[in-house]
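For reference, the structure is listed below as structure tokens.
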Amino acid sequence: MPSHPLQRLSARAFSAVRRLLAGGRIWIQARPRLSAWFYPHGRHGPKPGYSDYNRRMFAGFHEQERMLADKRRMAFYHAAIDRHVRPGDRVVDLGTGTGILAAWAALRGAAHVYAIDHSDILAQARALGAANHIENVEYLATHSSRFAVAEPVDVILHEQMGDCLFDEGMVANVIDLRERVLKPGGLILPSRFELYCEPVKINDDRLVPFIWELNLNGYDYACLESRRPGAPAYYHLASSDLNLVEHFLGRPEPVLSIDLHTLKEADLPREIAFTRTVVNAGRMDGYAVFFRARVDDDLVLSTSPLDPWRAPHWGFRILRTGRCEFAAGDVIECRLTAGSWHDIDSWNWKTPLATCGVRDENKERPRGN
């Protein structure tokens, strides 16, 4: 039975209000003074309540098991410590978890290792250290923002990367420690990161279109486009499935490169504009967001959806767009904005258009907001 016209009008009005509120949030977060007033935790620090969530999430064995079972992750960190921690170094292990990185640093001859964690997992780290006869490690149950030392340290070890690189408070936490406890010329392992945001085609048998793009044997869902959800999480999804993405449309290049030795929080741009020349013609279904971490030029950790050697416990993100076709040689113009890089729900993107060929101008619209 058709809905009442007033009901349809109300649904459209509320949908418009949701989009307006979400857009207003992004507009505020892109302006430092207003953002500091409305969101006092800052543009790059964790969201309110994230610290408690983080403490609960990493307290149990399962998350620790996933990280420890990630052979690429563990080999990357073991090699970094083996190459760069020297006998006599003073080391901070930020977010020590079960204490494995702190233990490896101690075994390399570090004079003193501060193993910091605000989660209850620290009790297991202490027990493991004692059972494995690890010396010179001091286990501290505190948040890194409350950690202080009388003598600066030589090395900061950390694994603060989220699926979207910034979403576990890496920038705020590491820079805070760098400024307060790292000696001049000290090392951060890892320090160099590349963020990627690549137009991709999803494998046909894995593709899940927006509901309003469906027409199933003549049953058309197009009318639901006017009721697009306002919740930002609807427009991105997480996966670690190597069979999800069929190919990149262009050649991958980092859209953002940082080095935590020199980065200032204010250096992170609020908007990134980039282009990709299409080398693999076909349908674009969204952007794949992933990162690479580098310690040395030959020591790289990847979360790319098309890298068979990716570190599997991290997911990658798909920023969903309307489906559109691109021909070889088209130049795709892309733009990504973020109220706060640590909060993917504040990110905004569009279904891109090409500078070559004919494209439907009506397809370009913000991500559901």
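List of remarks:
- Residue match in region 281-298 (condition: more than 28 Å from Asp345 (Cβ to Cβ) and aliphatic (A, V, I, L, M)): yes
- Flag if Ile258 is touching a Phe, Trp or Tyr at 6+ places or on another chain (Cβ under 6 Å), more than 21 Å from Ile318 (Cβ to Cβ) and touching a residue at least 12 places away in the same chain (Cβ under 8 Å): yes
- From Val279, Val295, residue being crowded, with 20+ Cβ neighbours inside 10 Å and either among the β-branched types (Val, Ile, Thr) or within 17 Å of the chain's Cα centre (by Cα) (or both): Val295
- Summed over region 61-85, residues that are in a helix (DSSP H, G or I) and over 15 Å from Gly99 (Cβ atoms) total 12.
- Test: residue in region 86-98 that is touching a helix residue (DSSP H, G or I) at 6+ places or on another chain (Cβ under 8 Å) and either of a type in the set (Ser, Thr, Tyr) or part of a helix (DSSP H, G or I) (or both): yes
- Of all residues in region 257-272, those that are of a type in the set (Gly, Ala, Ser) and either surrounded by 15 or more Cβ atoms within 10 Å (Cβ to Cβ) or modelled with pLDDT of 95 or more (or both) total 1.
- Residues considered: Pro199, Pro229, Pro254. Of these, the only one that is surrounded by 13 or more Cβ atoms within 10 Å (Cβ to Cβ), of a type outside the set (Val, Ile, Thr) and modelled with pLDDT under 95 is Pro229.
- When residues of region 145-178 are limited to those that are at pLDDT 95 or above, of a type in the set (Val, Ile, Thr) and over 16 Å from Glu265 (Cβ atoms), the one farthest from the chain's Cα centre (by Cα): Val153
- Filter result for Ala172 (outside the structural domain of Pro87 (by TED's automatic domain parsing), of a type in the set (Gly, Ala, Ser) and not in a loop (DSSP other than H, G, I, E, B)): no
- Test result for Tyr219, hydroxyl-bearing (Ser, Thr, Tyr) and either outside the structural domain of Leu260 (by TED's automatic domain parsing) or surrounded by 19 or more Cβ atoms within 10 Å (Cβ to Cβ) (or both): no
- Criterion: closer than 30 Å to Tyr114 by Cα and of a type in the set (A, V, I, L, M, F, W, C) - qualifying residue of Leu216, Leu182: Leu182
- Test: residue in region 123-142 that is under 23 Å from the mean Cα position of the chain (by Cα), at pLDDT below 95, surrounded by fewer than 22 Cβ atoms within 10 Å (Cβ to Cβ) and at negative phi: no
The values are calculated or read from the model by the stated rules, or taken from the named source; none is laboratory data. Worth saying up front: this structure is predicted, and the values here are computed from it rather than measured. Backbone-built Cβ (ideal geometry, glycine too); neighbour counts: all protein chains shown.
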